[in-house]
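Trainee: I'd like to ask some things about the structure below.
The values are calculated or read from the model by the stated rules, or taken from the named source; none is laboratory data. Remember, predicted model here, so these are calculated numbers, not experimental data. Neighbour counts run over all protein chains shown; Cβ positions are idealised from the backbone, glycine included. These area figures cover heavy atoms from the full protein model, side chains too; ligands, DNA and RNA do not enter into them. Shrake-Rupley method; radii C 1.70, N 1.55, O 1.52, S 1.80 Å.
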Amino acid sequence: MEHTSLLERILRGVALTLVVIFFMFPIVWIFMMSFQTNETILRIPPQLIFEPTLANYTALITGKLMTAAGTLDIAFMRNLWNSVFLSVTSVAVSLLLGVPAAYAFARHKFRGSEDIAFTLLSFRFAPALLVLLPLTLYFQKLGLANTYIGLIWVYQLICLPLILWIVRGYFEDIPADIEYAYRIGGHSWFATFRKIALPLAGPGIAAAGLLAFIFAWNNFVFALVLASADKQPVTVGALAFITSSGIQYGQISAAIVLSITPTLALALYAQRYLVEGLSLGAVKG
Amino acid sequence: MSASALTISGVDKFYGPIDRGVHAVKNLTMEIGKGEIVALLGSSGCGKTSTLRMIAGFEEVSRGTIAVAGRKVHTLPPVRRNVAMAFEGYSLYPPLTVRENMAFALKAARLPRSEVDAKVASIAKLLEIEDILERYPSSISGGQQQRASLGRALIREADLHLLDEPMGQLEPQLRAVLRGRIKHFIKERGLTAILVTHDQTEANALADRIAVMEGGVLQQFDTPDRLKERPANLFTGTFVGEPPMNVFEAFVGTAAGRINLRLPDGLSLDYDKDAFSAPVRDQLLSRERVVIGIRPYAVRRSKEGVPARVSANQWLGDQTHIAADFAGGSLVLVEHDRTRLDLGAPINVSIDPKNLHVFDQASGMAISHGMELA
């Protein structure tokens, strides 16, 4: 253990608390809003003490939104399911395509390999809005607009370069001789990939997958344009709360709480992999 | 020599396009018999590791063929070459213990558990790593990792064992002990081994024959003794041997029935014509300029002789290395007694023609060693 004086520890604690409060405040505030009605939320001045209500969550889960103008159907649970389905499938497809590709780029230098890798990365440079118009036209021609397959395909623009480039770095960090040692011991390159390279890059792959999942989950603009109501993820679905009779802050907050919960849970679960993944370089070959 | 364990014929290695890329190994041809231990000796970048990796199958052979135990293997994947290798960078599998790492090498052989355990135990004893068998590679020292890696290679039964700098990280005492044990182990089992090293002591101690490489070219492939006594060219002459051979350019002249080898700074080595054997004398007299080489052990101090001036004097505990300014260069001589000579002290040296190595001035190829033609 490092030795620190009492004063130093107190100061450090205070500083950390300030930072945590600063960053956590919006989330805490949203969490509190999700248990309030629009009236209590919009009180001026805002108050910390209120009578909690589960009405927002009930409305979201039952899909019936009561407004001053009447009852409104909302498809939030459907949106949430869409988000889960789209993100999980996109990341799975990206991992399936990206991890072997990353391995190939890391281990085999061939003519144009750098160019191809860079082209794949460049997908992330293009502003989404610039790509969207031609993409929409093509997708309508091909019958891919408003399909899960079409959306998952477009989501590869987000996930694939990310996974490819992060995982490639991890593969490059594994000394090639470890794989050679395995191959010369009487194993094929595919067995080497499965038994040596994949496990050693495992934490990196998990980290890349998690990041890709978060990016896919947070995507808004592709789904907004390419999907209709029944295929929309939560990010787009939240627009439904801006109704003719006003903005439903309570429901929006509850929707946010529900939609960040899966990513948060996943991040907490995968935290140890992330840390392991980042310290992989410390393992001597 | 018994059946051939490895035949390399006309092998070229280019990094990058053939004939345009970096030419790392040039037209290499060598044959290694079964049960031989051969060292590839050379400085960094001489092509020795490239050669080893081509044999193992990690580098493509640009041109030529490689055969292991009579089987052409240079187009086969490493898995089908039946060679074992110890890597310079150890390359142990991080998630496995030392024991598992070594046992893992036997996995493909599908041996019964008890036999694997017995083999691991005996190799671990040989390499003095019994106490770290349950540890993970990241928690042991470089020297221990190197021994584990060596063990992983030696435990296997293969047509060829390739050892890349197998003892570079070990402490000197341990290295000396292990050299003997490993040689005994290899010889006892009749294994064939190729080791890559830049340490000539290691090559001399372990190898039956040494292949000296430089600039991608095999300079000489011979026994340690013959490398010292009959270097094929100036490179092997100066590369093999510690301290290195003294080398001077000389003009060949004759005067009054004597042969003079005129050195820079107006110095001259004078010999009676009959001091050389007839063929050597003819060779000498047919040339105007040669390069002469003298091993430091063969330089004698004498009353008569060519003058030199002491520039350094080191007592190494068992011998003295004296460096002297001589003929525009530096001459090193070794004496077995402790010699007290001050810096700048004048000495006279003489060189017996029996100890003279003569090389061609242009090509560097050996002309004669002592009384015999090269």
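Trainee: Among the residues of the stretch B:72-103, which ones are of a type in the set (Ser, Thr, Tyr) and at the interface with chain A (Cβ under 8 Å from one of its Cβ atoms)?
Mentor: Of everything in the stretch B:72-103, those that are of a type in the set (Ser, Thr, Tyr) and at the interface with chain A (Cβ under 8 Å from one of its Cβ atoms) turn out to be B:90, B:91, B:93.
Trainee: Sort through B:149, B:114, B:139 and tell me the only one that's open to solvent by 10 Å² or more (accessible area, probe 1.4 Å), modelled with pLDDT of 90 or more and within 13 Å of chain A (Cβ to nearest Cβ).
Mentor: B:139
Trainee: Pick out the one residue from B:16, B:45, B:10, B:33 that is within 30 Å of residue B:225 (Cα to Cα), surrounded by fewer than 18 Cβ atoms within 10 Å (Cβ to Cβ) and at pLDDT below 90.
Mentor: None of the other options fit; the residue is B:45.
Trainee: Considering (1) in contact with a Gly (Cβ under 9 Å, 6 or more places away or on another chain); (2) within 18 Å of residue A:211 (Cβ to Cβ); (3) not hydroxyl-bearing (Ser, Thr, Tyr), say which one residue A:77 fails and leave the rest.
Mentor: Failing condition for residue A:77: (2).
Trainee: Return yes when residue B:24 is in contact (Cβ under 8 Å) with a residue 12 or more places away in the chain and within 14 Å of another protein chain (Cβ to nearest Cβ) and no when it is not.
Mentor: no
Trainee: Right, something else. Hey, can you tell me all the residues within the stretch B:52-67 that are open to solvent by less than 40 Å² (accessible area, probe 1.4 Å) and within 12 Å of chain A (Cβ to nearest Cβ)?
Mentor: Those that are open to solvent by less than 40 Å² (accessible area, probe 1.4 Å) and within 12 Å of chain A (Cβ to nearest Cβ): B:52, B:53, B:55, B:56, B:57, B:58.
Trainee: Of the residues A:189, A:153, which single one is away from chain B (no Cβ under 14 Å) and of a type outside the set (Val, Ile, Thr)?
Mentor: The unique qualifying residue is A:153.
Trainee: Let me ask something else. Which ones in the stretch B:222-234 are open to solvent by 50 Å² or more (accessible area, probe 1.4 Å) and not in a loop (DSSP other than H, G, I, E, B)?
Mentor: B:225, B:226, B:228, B:229
Trainee: Check every one of the strands (runs of 3 or more DSSP E) wholly within the stretch B:239-353 and list those with 3 or more residues that are hydrophobic (A, V, I, L, M, F, W, C) and open to solvent by 80 Å² or more (accessible area, probe 1.4 Å).
Mentor: Once the strands (runs of 3 or more DSSP E) in the stretch B:239-353 are filtered for at least 3 residues that are hydrophobic (A, V, I, L, M, F, W, C) and open to solvent by 80 Å² or more (accessible area, probe 1.4 Å), nothing remains.
Trainee: Could you please let me know if residue A:174 is more than 30 Å from residue A:42 (Cα to Cα) and either open to solvent by 40 Å² or more (accessible area, probe 1.4 Å) or more than 14 Å from chain B (Cβ to nearest Cβ) (or both)?
Mentor: no
Trainee: More than 28 Å from residue A:29 (Cβ to Cβ), surrounded by fewer than 15 Cβ atoms within 10 Å (Cβ to Cβ) and within 21 Å of the chain's Cα centre (by Cα): is that true of residue A:149 in this structure?
Mentor: In short, yes.
Trainee: What are the pairs, 6+ residues apart or on separate chains, where a residue within the stretch A:13-29 that is assigned by TED's automatic domain parsing to the domain that holds residue A:49 has its Cβ under 7 Å from a residue that is modelled with pLDDT of 95 or more and open to solvent by 70 Å² or more (accessible area, probe 1.4 Å)?
Mentor: As it stands, the answer is none, since no pair meets every condition given.
Trainee: Can you tell which of A:106, A:55, A:75 is touching a helix residue (DSSP H, G or I) at 6+ places or on another chain (Cβ under 8 Å) and within 30 Å of residue A:201 (Cβ to Cβ)?
Mentor: A:106
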